[in-house]
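Encoded as C-alpha cells, the structure appears first; notes follow it.
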Amino acid sequence: MTVSYDSLLSCQSLRVAIMGAGNVGRTLAQRIVEKDLADVVLLDVVEGLPQGIALDLMEAQGLEYHNCEVVGTNNYEETANADLVVITAGRARTPGISRDDLLAINAKIVADVAEKAYKYSPNAIFMVITNPLDVMTYLTRKVTGLPPQRVMGMAGVLDSSRLQTFIAMELGISTANVTAMVLGGHGDLMVPLPNYCTVNGIPITELLDSQTINRLMERTRNGGAEVVKLLKTGGAYYAPASAASVMIESILRDQSRLLPTAAYLQGEYGLNDIYIGVPCFLGCRGVKKILELKLSDAEQEALHISANSVRKNVHFALESVGFK
C-alpha cells in the first residue's frame, strides 16, 4: 500500500527539527509537543544543552498528556527526515542592537545551518525565525535551492499579534475579538494595515481616532525593541514561539489558514525576487497561495520602501557568505 504525505498529517510520525536551543527554540519545542503536533528534534552546538532541555520536556510529558517525543542533539544526522525544519540559530538581539546589526553574524550561521539541515532533510519545509528575518529567509532558499513555497519566514503573525494585543489593550476588550494584519519586512519599516484590523468585523478606523491608531502602529513597529529594552539581557521568545507554532500547526495539519508570512514574491504586489511579509494560505506543501490585498497608494508605497530596505541587506548577506 502506498501512503501519501497528506495521509500522514494526522499521524504522530510527523517530525519537526528545530535548529537552535535558545529561548525561542526551546519554547517552540514546548509549544509543538504540548499541542501534540509532532515529534521534535532540538539541535544546538552547545554540548548537553539540547539534551538537557529535551529531557526536561520529556519529564513533563505525562503531566501535559501528549504523546510526542523530544530528542536533543549536537549532531545533524539525528535531525534526518524532518517534515519541517525551523531555523532559530543565531545571535539574539540585545539593547542597542537592531535586527539589521545582526546581519553579517547571522548570515554565516544561517547559511551553515541551512546547508547541513537540508543535507539530511531535503524534502522538508523550512521556516526561518533568525533575524533579520526576511533576509535570512532569502538566504536559506538560496543555500538550499528549494522551491520558494517550501521556504518561509515567521514574522507577520508575530507583528500582527502584537498589534492585536495593543488594540485590545487600548479598547479594554478581549484579544479574541480583534483581528490585525501587518505586512512588510520584520523591522522598523513594517506596514500595519488599519483597514484590515477589525473588532468582530468592525474596522478599528471606526473605533479609534487616527492619532491613536498611529501610536499603536508605531508601538507595533518597535514591539521587539520594547521587549529587549525591558529584559535588558535578550529578546522576546514567548510570542515568537507562539507565532511559529500557529504556522507549524497550519502546515502539519493542512489547515490552509490565512496568515501573514515572509513569502517569496514573483510579481505579487509589484515585487519580484524577494521575501517579505504578505498574507498567505499555509498548508501541507508550505505556502499554498499568496493573497493580494487591495492597498491604498500610501500602503503600497510603504510596502515597496520596506522591500527596498530588505533587498539592500540581501545583497550584503549574500556577499558575506560568498554568493555573487
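Summary table below
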quantity	calculated
Under 5 Å, built H, 5+ apart or other chain: amide partners of Arg257	Leu282
Tensor-based shape of segment 282-324 (alpha-carbon gyration tensor, a/c under 1.5 rounded, otherwise prolate or oblate)	oblate
Fully extended contour minus Cα-Cα distance, from Glu319 to Ala104, at 0.36 nm per residue	76.5 nm
Among [x] 54.2, 195; [y] 19.0, 62; [z] 22.5, 90, the entry that matches Rg and Dmax of the Cα atoms in Å as calculated here	[y]
Rounded, prolate or oblate (a/c below 1.5 giving rounded, otherwise prolate when a/b exceeds b/c) for segment 100-247 by Cα gyration tensor	prolate
Rounded, prolate or oblate (a/c below 1.5 giving rounded, otherwise prolate when a/b exceeds b/c) for segment 156-320 by Cα gyration tensor	rounded
Relative exposure of Tyr120, Tyr237, Tyr65, judged by other C-beta atoms within 10 Å (fewest first)	Tyr65, Tyr120, Tyr237
Net charge of neighbours whose Cβ lies under 13 Å from the Cβ of Gln266, counting Lys and Arg as +1 and Asp and Glu as -1	-1
Antiparallel DSSP beta bridges within the chain, as percent of all bridges there, nearest 5	50
Long-range amide H partners of Ile274 with built H, under 5 Å	Leu265
MRE, 222 nm, helices only [DSSP H, n ≥ 4, -39500 (n - 2.57), over the chain, to nearest 500]	-13000 deg cm²/dmol
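Only the coordinates and a few stated rules stand behind these numbers; no lab work does. These numbers were taken from a predicted model, which means no experiment stands behind them. Because the Cβ atoms are built from the backbone with ideal geometry, glycine has one as well, and the counts that use them run over all protein chains shown.
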